[in-house]
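> One structure is given below, represented as structure tokens, and several questions about it will come after.
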Amino acid sequence: MNNIELKRFWEKVKEELICSLPESVHPWIYSLEVSGYDNGVLTVVTGQAMARDWLKKNHAAQMNLILKTISKNENSYINIIYDASAAKKIKKESEKIHKKEVEIQLKEKAMENLSYMQSASNLNLKYKFENFVVGKNNKFAHDAAVAVAKNPAGKYNPLFIYGNSGLGKTHLMQAIGHYIIFNNPKLKVKYVKTDDYINDFISNIRHSNNYTENMSKFYKKYNNIDVILIDDIQFIESKEKSMERMQHTFDTLYNKGKQIVIASDRVPQKIPKLTEALTSRFQMGLMIELTPPDFDIRCQIVKKLAQSNDINIDDSAVDYISMHFSKNVRELEGAFTKVCAYAELSKQVVTLQLTKDVLKCKENEDSLNFDKITEVTSAYYDVNVKDIKGTARSQKIAIARQLSIYLCRELTNQSFECIGEFFSKKHTTAMYAYDQIKNKIKTEKELSNAVREIKQALKVV
Ligand code: ADP
Ligand code: MG
């Protein structure tokens, strides 16, 4: 027991003693100061010899019984010592401990406030920078988010993060919020989903009998913020009135020098009927895309999840999950959770076999690999796989090779290093081939047909 624990323990015993012993001895109980608790012996010191003698003589049995019950130790007893100077010293120390306890309580209160603020800002504690795995696909977005968190309304305002679902937009955005709440608690942070913003706005104009009052509440809620995090802005599509309101919120905050962070599943230009005014405002600061993580990063994400959930998982199982869930981190996490739940319920460890058994159906759908893609592409162009992977330069082989590379990237999301290695090419060559095909299929019908037919053969469309 440390000092604080000892003091708490003694307070408990003392409370019981006061309840059980006659009032006439209470002053003597109050004169007792605890000095230690070893091997069941609770030593208390008093500055009054009478207190020691009277309590020992008349109440020892009852006092010991109380101690035995509280400590749940049959052999424990109270040892009362008389020592005037020691009792004074202990009293002083005890007051010090009390002061410390008050400080701890104050700190706890501050933490409580903080967690209140977090729930008021709709933040999920899991979404912090510490839990975000950084890779090539998200480094730029991550670094910009950290810069905004460290210096709100600095260089990057607004920060517009976009990318497909499940790639970490909400995570990064909330990480900014957490960082600021913990490091700069004076700033008011608000995380709002666009849907909620719209509903809030609509419900306020609906109650038109109280329109002015309601709108002023709305203004207060959204205009009185230092950092606003607006998620899933694409949901504002085609909603003209809400766009007008959003523009107003944006301008008010921006003009007051406040930080605005926006997340979207696409660029502003692709949000249906987004007004010119908002489109240009969203593009004013820094726009960054999140892309899917490559195989290594996916493995790291799964390992991190295992670590934070205290789960032992074989490397081969990590590889298996990461290989088959390449496009969406949410799905990757979902697969991991499913495997863990199964392992836990059936009291098994997470092995490759167990992972395969649990995710079996997914494997059939997703068991695309470079070999299969190259095989189907070479059959389509009637060339040899060996030639595709070799150095032959005939036009047909070159197209088949470039297309295979393009499809490997599109369908497996593996890194260009990895793809390059498979085709015995440099990663820049793989990247070039990918870009070539990506551009050409926009205009060359023959090529886009080939892509579609090969995908059909691979059963991915
Ligand atoms: P989005 O908002 O882009 O749809 P989320 O931010 O909700 O995606 O991310 C989906 C899930 O994947 C979350 O649980 C998030 O914590 C996790 N996640 C995404 N990217 C990463 C990453 N780089 N490191 C760790 N977890 C990630
Ligand atoms: Mg999201």
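> Need pairs with beta-carbon distance below 9 Å; first residue farther than 21 Å from residue 414 by Cα and touching a residue at least 24 places away in the same chain (Cβ under 8 Å) and within the range 130-143, second acidic (Asp, Glu) and open to solvent by 30 Å² or more (accessible area, probe 1.4 Å); sequence gap 6+ or separate chains.
none
> Let me ask another. Residues of the range 122-154 being over 27 Å from residue 221 (Cβ atoms), in contact with a strand residue (DSSP E or B) (Cβ under 7 Å, 6 or more places away or on another chain) and within 16 Å of ligand 2 (Cβ to nearest atom), which ones?
141
> Given the conditions (1) open to solvent by 50 Å² or more (accessible area, probe 1.4 Å); (2) in contact with a Pro (Cβ under 9 Å, 6 or more places away or on another chain), and given that residue 279 satisfies all but one, which numbered condition is not satisfied?
Single failed check for residue 279: (1).
> State yes or no: is residue 186 more than 16 Å from ligand 2 (Cβ to nearest atom) and either in contact with a strand residue (DSSP E or B) (Cβ under 6 Å, 6 or more places away or on another chain) or not β-branched (Val, Ile, Thr) (or both)?
Taking the combined requirement at face value, the residue satisfies it.
> Let me ask something else about it. Quick one: would you say residue 244 is open to solvent by 70 Å² or more (accessible area, probe 1.4 Å), over 17 Å from residue 122 (Cα atoms), of a type in the set (D, E, K, R) and at pLDDT below 80?
no
> In the range 396-411, which residues are open to solvent by 10 Å² or more (accessible area, probe 1.4 Å) and farther than 15 Å from residue 429 by Cβ?
396, 410, 411 - these are the residues of the range 396-411 that are open to solvent by 10 Å² or more (accessible area, probe 1.4 Å) and farther than 15 Å from residue 429 by Cβ.
> Same structure again: For residue 357, all conditions in the list (1) surrounded by fewer than 20 Cβ atoms within 10 Å (Cβ to Cβ); (2) in contact (Cβ under 8 Å) with a residue 40 or more places away in the chain; (3) not aliphatic (A, V, I, L, M) hold save one; what is the number of the exception?
(2)
> Right, here's the next one. Given (1) in a helix (DSSP H, G or I); (2) open to solvent by 20 Å² or more (accessible area, probe 1.4 Å); (3) closer than 17 Å to residue 412 by Cα; (4) within 16 Å of ligand 2 (Cβ to nearest atom), identify the lone condition not met by residue 332.
Here residue 332 meets the rest and fails (2).
> Return the residues of the range 45-80 that are in contact (Cβ under 8 Å) with a residue 40 or more places away in the chain and under 16 Å from residue 27 (Cα atoms); say none if nothing qualifies.
Across the range 45-80, the qualifying residues are 45, 46, 47, 63, 80.
> Same structure, new question: Picking from 66, 97, 78, which residue would you name as being at pLDDT below 85, over 30 Å from residue 192 (Cβ atoms), open to solvent by less than 60 Å² (accessible area, probe 1.4 Å) and not polar (S, T, N, Q)?
On the way: 66 fails: at pLDDT below 85; 78 fails: at pLDDT below 85.
When all the criteria are applied, what remains is 97.
> Kindly evaluate residue 168 against the criterion of being closer than 20 Å to residue 232 by Cα, at pLDDT 95 or above and within 14 Å of ligand 2 (Cβ to nearest atom).
The answer is yes for residue 168.
> Which count do you get for residues in the range 4-56 that are aromatic (Phe, Trp, Tyr), loosely packed, with under 15 Cβ neighbours inside 10 Å and more than 23 Å from residue 100 (Cα to Cα)?
Adding up the residues that qualify gives 0.
> So, one more: Filter the range 154-206 for residues that are near ligand 1 (Cβ under 9 Å from one of its atoms), closer than 16 Å to residue 266 by Cβ and polar (S, T, N, Q); which is most open to solvent (accessible area, probe 1.4 Å)?
Filtering the range 154-206 for residues that are near ligand 1 (Cβ under 9 Å from one of its atoms), closer than 16 Å to residue 266 by Cβ and polar (S, T, N, Q), the one most open to solvent (accessible area, probe 1.4 Å) comes out as 164.
> Further question: Within the range 15-29, how many residues are free of Cβ contacts under 8 Å to residues at least 40 places away in the same chain, in a helix (DSSP H, G or I), farther than 16 Å from residue 81 by Cβ and not aliphatic (A, V, I, L, M)? Even if it seems obvious, please write down each step before you answer.
Initially, the range 15-29 is screened for residues free of Cβ contacts under 8 Å to residues at least 40 places away in the same chain, giving 15, 18-19, 22-29.
Still in the list and also in a helix (DSSP H, G or I): 15, 18-19, 23-29.
Those still in the list that are farther than 16 Å from residue 81 by Cβ too: 15, 18-19, 23-27.
Those left that are additionally not aliphatic (A, V, I, L, M): 15, 19, 23-24, 26-27.
Total meeting the criteria: 6.
> Still on this model: Being of a type in the set (A, V, I, L, M), surrounded by 21 or more Cβ atoms within 10 Å (Cβ to Cβ), over 20 Å from the mean Cα position of the chain (by Cα) and in a helix (DSSP H, G or I) is true for just one of 317, 343. Which residue is that? Walk me through how you get there before you give the answer.
Working: 343 fails: surrounded by 21 or more Cβ atoms within 10 Å (Cβ to Cβ).
Sole residue among the options that is of a type in the set (A, V, I, L, M), surrounded by 21 or more Cβ atoms within 10 Å (Cβ to Cβ), over 20 Å from the mean Cα position of the chain (by Cα) and in a helix (DSSP H, G or I): 317.
> Return the pair list, or none, for Cβ contacts closer than 7 Å from residues in the range 278-302 that are within 11 Å of ligand 1 (Cβ to nearest atom) and of a type in the set (A, V, I, L, M, F, W, C) to residues that are part of a strand (DSSP E or B) and open to solvent by less than 40 Å² (accessible area, probe 1.4 Å), at least 6 apart or on different chains.
Close Cβ pairs (under 7 Å, with a partner that is part of a strand (DSSP E or B) and open to solvent by less than 40 Å² (accessible area, probe 1.4 Å)) amount to 290/161.
> Exactly one condition in (1) modelled with pLDDT under 90; (2) under 19 Å from the mean Cα position of the chain (by Cα) is false for residue 290; which is it?
Of the numbered conditions (1) modelled with pLDDT under 90; (2) under 19 Å from the mean Cα position of the chain (by Cα), the odd one out for residue 290 is (1).
> Could you tell me whether the range 207-216 includes any residue that is away from ligand 2 (no atom under 16 Å from the Cβ) and surrounded by 14 or more Cβ atoms within 10 Å (Cβ to Cβ)?
Yes, the range 207-216 has at least one match.
> Against the definition (among the charged types (D, E, K, R), within 16 Å of ligand 1 (Cβ to nearest atom), assigned to a loop (DSSP other than H, G, I, E, B) and under 24 Å from the mean Cα position of the chain (by Cα)), how does residue 126 come out, yes or no?
Answer is yes for this residue.
> Can we say residue 251 is in a helix (DSSP H, G or I), among the charged types (D, E, K, R) and within 16 Å of ligand 2 (Cβ to nearest atom)?
Spelling it out, it is not the case that residue 251 is in a helix (DSSP H, G or I), among the charged types (D, E, K, R) and within 16 Å of ligand 2 (Cβ to nearest atom).
The values are calculated or read from the model by the stated rules, or taken from the named source; none is laboratory data. These numbers come from a predicted model, not from an experiment. Because the Cβ atoms are built from the backbone with ideal geometry, glycine has one as well, and the counts that use them run over all protein chains shown. Ligands, DNA and RNA are excluded from the accessible area calculation, which covers all protein heavy atoms including side chains. Shrake-Rupley method; radii C 1.70, N 1.55, O 1.52, S 1.80 Å.
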